[in-house]
Amino acid sequence: MTKVLILGANGQLARNTTKVFLVDAVFLEDADFTLTLYLRRAGRLTNPDPRRVAIVEGDVLDAGTLRAAMQGQDVVYANLAGDMARQATAIIDAMHATGVKRLIFISSMGIYGEVPGERYRSILDPYRDSAALIEQSDLDFTILRPGWFTRDEEVSYHITQKGEAFEGHDVSLNSLSDLIVKLAKSPALHARCSLGIGQA
């Protein structure tokens, strides 16, 4: 049983990935998860499976609440917006305090200027700055840099490593959710890597 804390659980990708975690047999054999959904307004979510899911109301910047929710977890999956550098620092501190090592962190394509034909824009600063903090940490992180989300049902994606040109552009929510579940199940998979994710 793998215990996963989902930060920013009301986000579009997080909600899609929650569904995939709960029907993981479709995507992975021998996978089983329990989830803690962490968000600022818990009333925005309905518990999809009270046997396997807990919902916690809290802000990532509230150190006490975050550490309490993180206690005993195997994986932290963060799907955040806003002041992402402060949030990344709070997550790193809480993971050190609770002994959790595995972090899956959603960023954005373009943070390294790696998208052919596109210039770096200041709107990416929060994503770039938070990724830099995580990369400097001692955590077993995987940073995901997806393209624009689509609702295509197909699971089909291409991975590029940091330092490589980003390939593809859009990527389906189902493709990202598939990869996130695989990363949660396998702690060593793409550990300490920053991955660009585009449609194959």
Taking the dipole of the chain about the Cα centre (Lys, Arg +1; Asp, Glu -1; charges at Cβ), the one of 171, 77, 191 that reaches farthest to the positive side is 77
Using alpha-carbon coordinates alone, the radius of gyration and Dmax of segment 44-131 in Å work out to 15.3, 48
Amide H contacts under 5 Å for residue 150, restricted to residues at least 5 apart in sequence or on another chain and with H modeled in the peptide plane, are 171, 172, 173
Counting only residues 5 or more apart in sequence or on a different chain, those whose built amide H sits under 5 Å from that of residue 104 are 76, 77, 78, 142
Counting as exposed only GluC sites (Glu not before Pro) in DSSP loop states with no more than 16 other Cβ atoms inside 10 Å, the longest exposed-site-free span of the chain is 30-117
Taking only C-alpha positions in segment 2-199, Rg and Dmax in angstrom work out to 15.7, 48
Percent relative contact order for segment 2-199, counting Cα pairs under 8 Å at least six residues apart, stands at 21 percent
Longest the chain segment clear of trypsin sites (Lys or Arg not before Pro) sitting in DSSP loops (not H, G, I, E or B) with at most 11 other Cβ atoms within 10 Å runs 52-118
The extension gain from residue 32 to residue 65, computed as 0.36 nm times the residue separation minus the Cα-Cα distance, is 9.3 nm
Counting only DSSP loop positions in segment 101-200, the chymotrypsin sites (Phe, Trp or Tyr not before Pro) whose Cβ has at most 14 other Cβ atoms within 10 Å are 120, 148
Per the 1/(1 + (r/R0)^6) rule, R0 = 22 Å and r from the Cβ atoms of residue 152 and residue 81, FRET efficiency to 0.05 is 0.45
Quick calc of log₁₀ I(q)/I(0), segment 71-122, Debye, one scatterer on every Cα, no solvent, q values 0.13, 0.19, 0.28, 0.31 1/Å, result -0.42, -0.73, -1.10, -1.21
Rounded to a whole number, the Stokes-Einstein D of segment 124-199 in µm²/s (Kirkwood radius over Cα pairs; 20 °C; 1.002 mPa s) is 166 µm²/s
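Just so you know, all these numbers are worked out from the coordinates, no wet-lab data involved. Note that the structure is predicted; figures quoted are calculated from it, not measured. Cβ atoms come from the backbone with ideal geometry, glycine included; neighbour counts cover every protein chain shown.
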